[in-house]
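Novice: Below is one structure. I have some questions about it.
The values are calculated or read from the model by the stated rules, or taken from the named source; none is laboratory data. Since the model is a prediction, treat every value here as computed from it, not as a measurement. Ideal geometry is used to build each Cβ from the backbone, glycine not excepted, and the neighbour counts take in all protein chains shown. Accessible surface areas use protein heavy atoms only, side chains included; no ligands, DNA or RNA. Shrake-Rupley method; radii C 1.70, N 1.55, O 1.52, S 1.80 Å.
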Amino acid sequence: MRFCSIASGSSGNCIYVGSEATHLLVDVGISGKRTEEGLHELEITGEDIDGILITHEHSDHVAGLGVLSRKYHIPIFATGGTIRAILKNGGKNAPDESLFHQIEADRKIIIKDLTVSPMRISHDAAEPVAYRIGYGKKKVAICTDLGIYNEYTVECLKGMDALLLEANHDINMLQVGPYPYYLKQRILGDRGHLSNENAGRLLNRILHDNLKAVVLGHLSKENNMPELAYEAVRMEVTLGEGPYKAEDFPISIAGRNEVSPVISI
């Protein structure tokens, strides 16, 4: 099983997760052309994609969905609320309605040899979810766009072999930055995005001896920097109450515009 980020950030998100037999994308928030270029670097094509898992309907997660899904007739998996929002907002660029398959949080689905487990998240979208994807006993999670985490979140993310976790903003950069007040409040709110510090605190709750890799993703272009996110998360882990230190785990940053190194599990 392997996974990597094709693009991750406030301007567009697309994550690849696959096995030898099955290839999935989580979100297509970049152009179809950029998605195909990323897949080419992984030595696969759009024809190889068995399904697209959509977290929610915001444009940085679905901008290229219509083009890519129509071109290759790829099944799209999303919650009912997300499907309705995409079809309502998409206009002529909306995917073919027949490609959608409705899913529910906390109900597993099987796509060939991969098991997909959607989980609820708190975000200002119609019916957003994050995803855990399993192959045999191996499990990875893609968890971004959550304003808060709770015990449910922690329980869902325990036992992962690898994890892509949101570290969206540095609180000080956001507070003194150019965003209007209402947008700052949205980002900082319970249905906004995880700060670097909160990402580190959540990570502290789910670390375990067999965690192979942590990738920090969905960094804001205006309100964060890779170095800030990396150091803030590492500090929270090292200074936290858990038994682990930051150097105990490989932590990396998902690139905004480039394919990240492939993590094999």
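Novice: When you check SER252 against the structure, is it assigned to a strand (DSSP E or B), modelled with pLDDT of 95 or more and either out of contact with any Ser or Thr (no Cβ under 7 Å at 6 or more places or on another chain) or within 28 Å of ARG2 (Cβ to Cβ) (or both), yes or no? Before you say what the answer is, go through the steps one by one.
Specialist: On the way: assigned to a strand (DSSP E or B): yes; modelled with pLDDT of 95 or more: yes; either out of contact with any Ser or Thr (no Cβ under 7 Å at 6 or more places or on another chain) or within 28 Å of ARG2 (Cβ to Cβ) (or both): yes.
Yes: the conditions hold for SER252.
Novice: For a quick check of your reading: which helices (runs of 4 or more DSSP H) sit entirely within region 152-216 and have at least 3 residues that are open to solvent by less than 50 Å² (accessible area, probe 1.4 Å)?
Specialist: Details: elements: 171-176, 181-188, 196-206.
Where helices (runs of 4 or more DSSP H) fall fully within region 152-216 and carry at least 3 residues being open to solvent by less than 50 Å² (accessible area, probe 1.4 Å), they are 181-188, 196-206.
Novice: Given the structure, is SER260 touching a Cys at 6+ places or on another chain (Cβ under 9 Å), surrounded by 19 or more Cβ atoms within 10 Å (Cβ to Cβ), of a type in the set (Gly, Ala, Ser) and modelled with pLDDT of 95 or more? Working first, answer last.
Specialist: Details: touching a Cys at 6+ places or on another chain (Cβ under 9 Å): yes; surrounded by 19 or more Cβ atoms within 10 Å (Cβ to Cβ): yes; of a type in the set (Gly, Ala, Ser): yes; modelled with pLDDT of 95 or more: yes.
Judged against the criteria, SER260 is a match.
Residue-wise test of (1) surrounded by 21 or more Cβ atoms within 10 Å (Cβ to Cβ); (2) in contact with a strand residue (DSSP E or B) (Cβ under 7 Å, 6 or more places away or on another chain); (3) of a type in the set (Val, Ile, Thr).
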| site | (1), (2), (3) |
| --- | --- |
| ASN13 | yes, yes, no |
| GLU57 | yes, no, no |
| ALA78 | yes, yes, no |
| ILE83 | yes, yes, yes |
| GLY91 | no, no, no |
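Novice: Quick one: ALA126 ticks every box in (1) open to solvent by 10 Å² or more (accessible area, probe 1.4 Å); (2) free of Cβ contacts under 8 Å to residues at least 60 places away in the same chain bar one, so which box is it?
Specialist: Going through (1) open to solvent by 10 Å² or more (accessible area, probe 1.4 Å); (2) free of Cβ contacts under 8 Å to residues at least 60 places away in the same chain one by one, ALA126 breaks only (2).
Novice: Shifting gears a bit: Which ones in region 20-41 are in a loop (DSSP other than H, G, I, E, B) and open to solvent by 10 Å² or more (accessible area, probe 1.4 Å)?
Specialist: Across region 20-41, the qualifying residues are GLU20, ALA21, SER31.
Novice: Output the number of the condition that ARG2 fails; it satisfies all remaining conditions of (1) crowded, with 24+ Cβ neighbours inside 10 Å; (2) touching a strand residue (DSSP E or B) at 6+ places or on another chain (Cβ under 8 Å).
Specialist: (1)
Novice: Sticking with this structure for a sec: Check LEU203, LEU174, LEU165 and return the single one that is over 23 Å from LYS137 (Cα atoms) and touching a helix residue (DSSP H, G or I) at 6+ places or on another chain (Cβ under 7 Å).
Specialist: Values: LEU203 fails: over 23 Å from LYS137 (Cα atoms); LEU165 fails: over 23 Å from LYS137 (Cα atoms).
Answer to the selection: LEU174.
Novice: Suppose the filter is open to solvent by 30 Å² or more (accessible area, probe 1.4 Å), more than 20 Å from the chain's Cα centre (by Cα), in contact (Cβ under 8 Å) with a residue 24 or more places away in the chain and under 30 Å from ILE206 (Cβ atoms); does ASP113 pass it?
Specialist: yes
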